[in-house]
Amino acid sequence: MNDTDYMRIALDLAAKGMGTVSPNPMVGAVIVKEGEIIGTGWHRRAGETHAERNALADCSRSPEGSTMYVTLEPCCHYGKQPPCTDAIINAGIHRVVVGSSDPNPLVSGKGIDILRSSGIQVTENVLKDECDRLNEIFFHYITGGTPFVIMKYAMTMDGKIAAYTGLSQWITGGEARSHVQLQRHRCRGIMVGTGTVLADDPLLTCRLPGAESPLRIICDTSLRTPLSSRLVRTAGDVPTVIATCLDDERFHKPYEKAGCRILVLPSENGHIDLRRLIKVLGSEGIDSILLEGGGTLNWAALNSGIVNKVQAYIAPKLFGGRDAKTPVEGQGVLSPAEGFKLKNSTITKLGSDFLIESEVEEDVHRDS
């Protein structure tokens, strides 16, 4: 086995922290001595021991003189845990192989410099792209302070998210829907618009065993969410925020009594200022949002420039229908040249369905 092989094992370990380490990064570590893996570890939960120290604690024999493979540059500052660089140096590790550099200003190259100044050999950027992709949420949040927004939708091959009757359950199969639950587990927030609430009366919880549900965020400009909706009726059990432009507190009280939090925001083009909304959510520690709204909210989110990634679940079906809804509505662009550009696309087969994931290019903001 070589450096790449061991780093892949570390990546698999790191992914076990999905949904539990936020707002920290997912990190995995593998310790190899004389061609044998003697210790493994990953960051299990925010505030708990980091991957490097877990791997050292797992060692079946002395790690002195060994090589450590770690998906992210070891930390070198005191937070809720002490610096991992100290543990690596004290353990007598001979060489450290790193996947990603840490963009956190408290680390950002300092961890690697400390290791090298202590005589430890450091090899950087092994499977860098894969390691970077694993922590795209953390990298975005730690450098900008706003949530990483993923626009998710399921559609047919002719681009419909519902039949002309409005019925939409179910477009995709069980495997694709299970994958959506993983995304809900991964993200700290899930956002919809009033139209989705009125049409589908969703619950927006994570149904994976033992998983916590994300914060539910309803974009409701004029406060039309029914008090009888499942989101409002379960707000006492699952944290729920209603973002609105209506500042009359008399209308807030029934929702607050049900357990909802009302967040009053300024309007922009007759709707909630989405850029202001994500700044507020980011300041409260929400590092990621899964956008599960309909075509109206998707257009507004794209047009405001808050979307970082698109996840399109595509079913091998055709609905037809001149008036059947599509994933992105609104006014639309004036010409093909002005379309929102996506990059670095990947395709994953999920049962009979396909998931296409693409990053949104940063120069597509329309309302700047």
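At-a-glance table
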read-out: Cβ-derived FRET efficiency at R0 56 Å, S108 paired with V264, nearest 0.05; value: 0.90
read-out: Distance violations [Cα-Cα > 27 Å] among K80/K253; K16/K152; K279/K317; value: K80/K253; K279/K317
read-out: With all protein chains modelled, accessible area of H140 [1.4 Å, Å²]; value: 50
read-out: The range 193-262 versus the range 116-176: alpha-carbon centroid distance in Å; value: 25
read-out: Cα Rg over Rh - the range 133-270, Kirkwood; value: 0.98
read-out: Radius 15 Å from Cβ of I112, net charge of other residues (Lys, Arg +1; Asp, Glu -1); value: -2
read-out: Gain upon complete extension [T221, R44; 0.36 nm per residue less C-alpha separation]; value: 59.9 nm
read-out: Rg over Rh [alpha-carbon atoms, Kirkwood Rh] for the range 272-368; value: 0.98
read-out: Accessible heavy-atom area order of W299, W170, highest first, probe of 1.4 Å; value: W170, W299
read-out: The chain, accessible surface, carbon-and-sulfur percent (1.4 angstrom probe); value: 50
read-out: Helix-only [θ]222 nm of the chain, DSSP H runs n ≥ 4, -39500 (n - 2.57) each, per residue, nearest 500; value: -8000 deg cm²/dmol
read-out: Protein-only accessible surface order, largest first, of F148, F251 at 1.4 Å; value: F251, F148
read-out: Under 10 Å, Cβ to Cβ, from P226 - net charge with Lys/Arg +1 and Asp/Glu -1; value: +2
read-out: For the range 104-193, Kirkwood radius (reciprocal of mean inverse C-alpha pair distance, Å); value: 17.2
read-out: Residue-normalised accessible area of the chain, given per residue in Å² at a 1.4 Å probe; value: 47
read-out: Projected-area average for the chain over all orientations - Cα convex hull basis, square nanometres; value: 20.1
read-out: Links that overshoot a 22 Å alpha carbon limit, given the list K160/K309; K309/K349; K110/K343; value: K110/K343
read-out: Exposure of D113 as accessible area (Å², to 10), given a probe of 1.4 Å and all protein chains; value: 90
read-out: Accessible-area order (highest first, 1.4 angstrom probe) of the listed residues I314, I217; value: I314, I217
read-out: Heavy atoms of C260: accessible area, 1.4 Å probe, square angstrom to 10; value: 10
read-out: Fraction of beta bridges assigned by DSSP in the range 236-368 that are antiparallel (%, nearest 5); value: 80
read-out: The range 171-224: translational diffusion in µm²/s, Stokes-Einstein, Kirkwood Rh over Cα pairs, 37 °C, 0.692 mPa s; value: 270
read-out: Rounded to 5, the percent of DSSP beta bridges in the chain classed as antiparallel; value: 40
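The values are calculated or read from the model by the stated rules, or taken from the named source; none is laboratory data. Worth saying up front: this structure is predicted, and the values here are computed from it rather than measured. Every residue, glycine as well, gets a Cβ built from its backbone with ideal geometry; the counts of neighbours run over all protein chains shown. Note: areas computed on protein heavy atoms with side chains; ligands, DNA, RNA excluded. Shrake-Rupley method; radii C 1.70, N 1.55, O 1.52, S 1.80 Å.
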